[in-house]
1. Taking K and R as +1 and D and E as -1, what net charge do the other residues with C-beta under 14 Å from the C-beta of V21 add up to?
2. Given only helices, namely DSSP H runs of n ≥ 4 each adding -39500 (n - 2.57), what is the per-residue ellipticity at 222 nm of the chain, to the nearest 500 deg cm²/dmol?
3. With axes computed from alpha carbons, what is the tilt in degrees of helix 19-35 against the longest principal axis of the chain, rounded to the nearest 10 within 0 to 90?
4. Taking the chain, which GluC sites (Glu not before Pro) meet the DSSP loop condition and have no more than 15 other C-beta atoms within 10 Å?
5. Above 14 angstrom, tally the Cα pairs of the chain and express them as a % of all pairs, no decimals.
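Where a number appears in this text, it was derived from the coordinates with a stated rule and is not lab data. Quick caveat: nothing in here was measured; it's all calculated off a predicted structure. Virtual Cβ from ideal backbone geometry, glycine too; neighbours counted across all protein chains shown.
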Amino acid sequence: MLLADGAVLTGTAPDAVNPAVEVCHEIEPYAAAFRLDQEIVASARIGDI
């Protein structure tokens with residue numbers, strides 16, 4: 001995702017035995033934007049490649 005300051009954050013969605021691991025990886029960029037006090041200006045999902 002793209003933040004207001006131009007930074008780019010990425011996340012992953014690994015296949016894991018524990019679903020909590022998957023959601024942590026997927027949500028982390030949003031949490032990072034919050035910690036950095038930056039607005040998200042764009043986001044994209046790249047499908048299964």
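1. -4
2. Numbers: 1 runs with 17 residues, N = 49.
Using -39500 (n - 2.57) per qualifying helix, the result is -11500 deg cm²/dmol.
3. 10 degrees
4. For GluC sites (Glu not before Pro) across the chain that sit outside H, G, I, E and B with at most 15 neighbouring Cβ atoms in 10 Å, the list reads E39.
5. Values: 615 of 1176 pairs.
Value for the chain (Cα pairs over 14 Å): 52 percent.
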